[in-house]
Amino acid sequence: MTGIVPAPVARQPWQMLFPLFVLIGFGALVLFSAAAGSWDPYASSHVIRFGVFLAMAFVLSRFSRELAMFFAFPIYIVVLLMLVAVEAIGFVGGGSQRWLDLGFMQLQPSELMKPAVVLMLARFYATLPIGMIPTWRALIPAGALIMTPVALVLLQPDLGTSLAIVFGGAMVMFAAGLPMRWFLGAAVAAAVLAPLAFFFGLQPYQQQRVFTFLDPESDPLGDGYHITQSKIAIGSGGFSGKGFNEGSQSHLHYLPEPHTDFIFATMAEEWGFVGGLVVIGAFAMIFRWGLSVARASSDRFAKLVALGMTATIFFYVAINLMMVMGLAPVVGIPLPFMSHGGSSMLTNMICIGSLMMVHRWNRKAPRTGLLR
Amino acid sequence: MRLRKRARPREVVTQSTLENAFDRRTFVIGTAMGGLGVLLAARMGYIAIAENEKYELESESNRVNLSLIPPRRGWILDRNGAPLASNRADFRVDIIPERTPDTDATIDALTSILDLDENQAADIRKRVEDGPGYQPVEIASGISYDDFAAVSVRLPDLPGVIPQRGYSRFYPTGPTVGHLLGYVGTANAEEYDEQDRNPLLVTPGYKIGKDALEKQFEQELRGVPGARRVEVTASGRIVRELETREDVQGDPVRLTIDGPLQDYAARRIGLESGSVVVMDCDTGDLLCMASMPSFDPNSFSQGIGRVEYAMLRDDERVPLRNKVLKGLYPPGSTIKPMHCMAFLDAGVKPEESIICGGGRRVGNRFFNCWSNHGRVDMAKAIYQSCDSYFYHFAQQVGFEKVAQWAHKMGLGEEFDLPVASQFYGTVPEPDWKMRKFGREWQNYDTVNSSIGQGYYLASPLQLAVMSARLATGNRVLPRLRRGSDSIRFESFGFSPDEIGYVRQAMSDTVNGPGTAGRARLPIEDVLMAGKTGTAQVVSLSKSDGKTGPWKFRDHGLFVFFAPFDNPKYAGAVVIEHGGGSGAAYPIARDVMTFMFDPAKGMEALRALEQQWGGTAKERLNAKYRNYAAAEGQVIPPAPARDEDIFDQVEAEARLAARQTENLAEQASPSRVDNRTAAEVSRGSDAANRDDLQ
């Protein structure tokens, strides 16, 4: 870095922060349009929240490895207790019981569970004797650590978040070097069990969503409406979009949830394919940085944390984009850094903060490549 | 570095193998992420670029709502250009059930906003249930601006509800033109399919002609719809108008009808059930075709309520049947002048006379005349309506010959008129009887038919045409659309003397020693000629025809033309169960008085209407109020399909026609009884039935 830029600024991970700012700024513009050309109520709070959570992420990045290791288990337990509390005293919104009212904000503990599980598993595998990796002792406790919160979240019921937790956990296990045949076995078992789970495990409304996903035109004004309208919004945007504030699908309320789950469609209508490439490219840069942080680390715990956090954000992005493009059923998962919503922003910024934390550790003890 | 001993070396895991595995696996994960990213970008490119056109179209069809503006319907004008049917600007509210998730709640909400009563709400629910969902159902029309605004501001909570400013059909004279013009209504599913699913037909507020002239002239009256492109939100709220094309009003249709005369005649029928037809002898223009009692086409056009429909259906005077075209009656004595023309044509001289003697013996039966007229020639046979004369000469000439003339004069014929249907009735003939009943024509058939009884059935329109042809000696053709005044009709070839003779005899019926002295016009220099008729409905043994149950009373008929020596107007009046011709000719007199001197005619009508309790419209409204109050809520709903409304009545009409045929078939010929000739002559002297025949 040149001397012009102060060292504390220069050493920040700009290859991640720059695309992150692009996404936040772009998201704010789209939210501005989704509110019919107004900073209120979405865009301004989006930016303010980001500022607060970015500060939080910087604080988080100052944590030392030992502190993180030490807190992994207590954090997991606290969040797990909050999930239990949700079952006991949480309030119901939108058909499921997900939120805890903390007085100053509505907290969704299942969101916090995503990074907490990653942290917990990373700690578990970091402390597990290496020789025990291919044994059941590497699998059973980890499985229990994942499935306990998943069971609680499924009770809410919240399929999307459950899958996100499973995905994050599974990615850590995968990266931890568990035997490949377990994953293949699990994949086969999932293929067999999926139909059973579908018919006996899912709520009717969730089953309906899957059917609708398979054939959105079957009910264009009912459940297929979301997918159909979303595709119309993206498709009518064309190459360069209809122009800022010109999206008829979102402005005339044809697009459901234009500021949260379907913000990508709102964006694509006004900015077109070009805007879509910018968003996908920005995410790609962030993930590439996340993976490079993981690989650059010489420490097993740090590697697993970085990979798990990256995978957690990736899961949001992948499912959301597939949903709005009609490649996945409608599950209520917002698009990180663009959608309006505090809980998901909190989770994602915790992930970013954790990645920055690992990034900082790496700079202190860079991987030599020769030594371990 | 710790190693764990395992039985199989392959299971040995070391720090470096784990590191390798991590690197490999993160590479796999990274590749998968990248792959998915490429897939998503490709998918987006496919939707946004390859399928762009399709989705752009769908987005436009979301955003832009093309709504048709129903064209203003063409006016129906009378011969002088006054509107018989026009349009009135109004505010209306429709609902499209298909676009309404919870119709019951929506209708409830509208009921309270618009302050509709229970009956109306029930009617709307019924129509919503019966109709196909895509078709708009009228909630209310003719509502005030305040109500219209009240519905408009609540639109976001009322999906599928369409308030709009439009036009509704208006018939200024209401019931008096009901049968003549028909009415308009929303197209039903069949009509929608028939007209190639023309979107105009399901446009809220658009109505098509449903009956009579409104239906016949539908294409001319329709006009060209306008169109409005508006930007709408998903909930249907209009954001802004993009562009508007004005509608083109339908062409007016000008009729031959004389509006005031039509109204006058219909009102003059009063409490009776019957019809009045007046036509122009020179042009064949139908000046009036009144049929009463009738319905109010204004209320039909707004979608008739169940209570009002029940009232009309239950009325034994069948207000749903157009009696001018679809009422069939034994013409009785009204055909006698026409039969005289047939006799003249067959070579009978007017001076040839018979002795009446109170009747005629035919075979082994005695057929009465209604009186003993002594010596009767053709003129006296007409003005005194002597039956014996016709018994005699019909047998002499042969009924085939007479029937031929009946057809030439318009009986048993259909006319080329723009009407939905007309009944052509019956002219009895030997061939016809053989075809119909498989039995030989008998002498007593000739006798019965010679005085317009037996199988004879004619509609009032046919009687009016007969009267016009009789008066002019020309084959006058009726018409309903105004056209050129210089028309020449084919002549029947009677000499002026022969025509003059019959005219004089018919004038004597009214102005001389005839049967209709009270029909004389109260105007100095205009003499009306006419012929009375009484048609029995049941045999003499059941009822005397003048009193008793309404259904058993005789029909009263009268055919006329005026002025008698140079006929300009001809017509017919038929009063169902009027108890004889005495019910018919005063109406003809007043109608013709109105024709020549409106002030004098109105004076007569005002006095009568005061007695009856108001004009036809006022009485219909009062009747509806009473009926609704008496029936309360327990009223079967109106049929959803408008065809049914008329199918039912037409069925009744046919039944009534059959009934007369059956009576005729039972050979209860009008004047047969078991009394001896001596008793008859005594009886007929005693009978003072001056006006009757």
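The values are calculated or read from the model by the stated rules, or taken from the named source; none is laboratory data. Remember, it's a predicted structure, so these values are computed and weren't measured experimentally. Quick reminder, even Gly has a Cβ in these numbers, built from the backbone with ideal geometry, and neighbours come from all protein chains shown.
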**Study point:** Within segment B:222-249, considering residues that are touching an Asp or Glu at 6+ places or on another chain (Cβ under 7 Å) and over 12 Å from B:Ser67 (Cβ atoms), the one farthest from the other protein chains (Cβ to nearest Cβ)
**Key:** B:Gly223
Review point. Do we have B:Ser486 as at pLDDT below 85, assigned to a loop (DSSP other than H, G, I, E, B) and more than 29 Å from the chain's Cα centre (by Cα) here?
Key: yes
Revision key, fill the gap. Of those in segment A:316-344 that are of a type in the set (A, V, I, L, M), touching a Lys or Arg at 6+ places or on another chain (Cβ under 8 Å) and surrounded by fewer than 24 Cβ atoms within 10 Å (Cβ to Cβ), the residue nearest to A:Val52 (Cα to Cα) is A:Val331
Revision key, fill the gap. Among (1) at pLDDT 85 or above; (2) part of a loop (DSSP other than H, G, I, E, B), B:Gly178 falls short only on (2)
Exercise for review: For B:Ala212, indicate whether it is away from every other protein chain (no Cβ under 14 Å) and closer than 20 Å to B:Gly131 by Cβ.
Suggested key: no
Check your understanding: From A:Phe50, A:Phe63, A:Phe70, which residue is at pLDDT below 95, outside any helix (DSSP H, G or I) and not acidic (Asp, Glu)?
Key -> A:Phe63
Point to revise | Members of segment B:183-206 that are closer than 22 Å to B:Arg165 by Cα, out of contact with any strand residue (DSSP E or B) (no Cβ under 8 Å at 6 or more places or on another chain) and at pLDDT 80 or above | key: none
Review point. When you go through B:Thr100, B:Thr26 one by one, which is the residue that is of a type in the set (S, T, N, Q) and either surrounded by fewer than 20 Cβ atoms within 10 Å (Cβ to Cβ) or away from every other protein chain (no Cβ under 11 Å) (or both)?
Key: B:Thr100
Practice item. Could you check, for segment B:358-370, whether at least one of its residues is closer than 23 Å to B:Met506 by Cβ and surrounded by 20 or more Cβ atoms within 10 Å (Cβ to Cβ)? Key: yes
Check your understanding: How many residues does segment B:539-568 hold that are over 18 Å from B:Ser385 (Cα atoms), among the aliphatic types (A, V, I, L, M) and either surrounded by fewer than 14 Cβ atoms within 10 Å (Cβ to Cβ) or under 28 Å from the mean Cα position of the chain (by Cα) (or both)?
Key -> 0
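Please go through segment A:308-318 and give me each residue that is facing another protein chain (nearest Cβ under 8 Å) and of a type outside the set (Phe, Trp, Tyr), ordered by number. Walk me through how you get there before you give the answer.
First, the residues of segment A:308-318 that are facing another protein chain (nearest Cβ under 8 Å): A:311, A:314, A:318.
Residues satisfying the conditions are A:Ala311, A:Ala318.
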**Study point:** Complete set of residues in segment B:209-261 that are in a helix (DSSP H, G or I) and in contact (Cβ under 8 Å) with a residue 12 or more places away in the chain
**Key:** B:Ala212, B:Leu213, B:Glu214, B:Lys215, B:Gln216, B:Glu220, B:Leu221, B:Arg222, B:Gly259, B:Pro260, B:Leu261
Practice item. Name the one entry in B:Leu66, B:Leu116 that is over 22 Å from B:Gly174 (Cβ atoms), in a loop (DSSP other than H, G, I, E, B) and modelled with pLDDT under 85. Key: B:Leu116
Practice item. Might you check whether a residue that is surrounded by 15 or more Cβ atoms within 10 Å (Cβ to Cβ), out of contact with any Asp or Glu (no Cβ under 8 Å at 6 or more places or on another chain) and modelled with pLDDT under 90 occurs anywhere in segment B:38-47? Key: no
Check your understanding: If you check A:Leu327 against the conditions, is it part of a helix (DSSP H, G or I) and within 8 Å of another protein chain (Cβ to nearest Cβ)?
Key -> no
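Residue-by-condition table, conditions (1) more than 9 Å from chain B (Cβ to nearest Cβ); (2) part of a helix (DSSP H, G or I); (3) of a type in the set (Ser, Thr, Tyr); (4) touching a helix residue (DSSP H, G or I) at 6+ places or on another chain (Cβ under 7 Å):
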residue	(1), (2), (3), (4)
A:Ile232	no, yes, no, yes
A:Thr260	yes, no, yes, no
A:Ala265	yes, yes, no, yes
A:Asn320	yes, yes, no, yes
Study note, to complete from the structure: Just one listed residue, out of B:Leu57, B:Leu77, B:Leu68, B:Leu110, is crowded, with 21+ Cβ neighbours inside 10 Å and on the phi < 0 side of the Ramachandran plot, and it is B:Leu110
Review point. Does at least one position in segment B:50-62 carry a residue that is within 11 Å of chain A (Cβ to nearest Cβ), assigned to a loop (DSSP other than H, G, I, E, B), of a type in the set (D, E, K, R) and within 30 Å of A:Gly243 (Cβ to Cβ)?
Key: yes
Review point. In this structure, is A:Phe174 in a helix (DSSP H, G or I) and modelled with pLDDT under 85?
Key: no
Practice item. Go through segment A:297-307 and give me each residue that's part of a helix (DSSP H, G or I), under 16 Å from B:Ile29 (Cβ atoms) and within 11 Å of chain B (Cβ to nearest Cβ). Key: A:Lys303, A:Leu304, A:Ala306, A:Leu307
**Study point:** Selection count, segment B:363-409, where residues are more than 15 Å from B:Ser333 (Cβ to Cβ) and among the polar types (S, T, N, Q)
**Key:** 5
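Matching residues to (1) touching a residue at least 40 places away in the same chain (Cβ under 8 Å); (2) surrounded by 24 or more Cβ atoms within 10 Å (Cβ to Cβ); (3) over 22 Å from B:Ser294 (Cβ atoms):
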{"residue": "B:Ala570", "(1), (2), (3)": "yes, yes, yes"}
{"residue": "B:Gly579", "(1), (2), (3)": "no, no, no"}
{"residue": "B:Asp590", "(1), (2), (3)": "yes, yes, no"}
{"residue": "B:Met595", "(1), (2), (3)": "yes, yes, no"}
{"residue": "B:Pro598", "(1), (2), (3)": "yes, no, yes"}
{"residue": "B:Leu605", "(1), (2), (3)": "yes, no, no"}
{"residue": "B:Gly613", "(1), (2), (3)": "no, no, no"}
Exercise for review: Keeping to segment A:268-296, report how many residues are at the interface with chain B (Cβ under 10 Å from one of its Cβ atoms) and under 20 Å from the mean Cα position of the chain (by Cα).
Suggested key: 13
Practice item. Scan B:Gly250, B:Gly259, B:Gly284 and give me the residue that is outside the structural domain of B:Ala570 (by TED's automatic domain parsing) and over 19 Å from the mean Cα position of the chain (by Cα). Key: B:Gly250
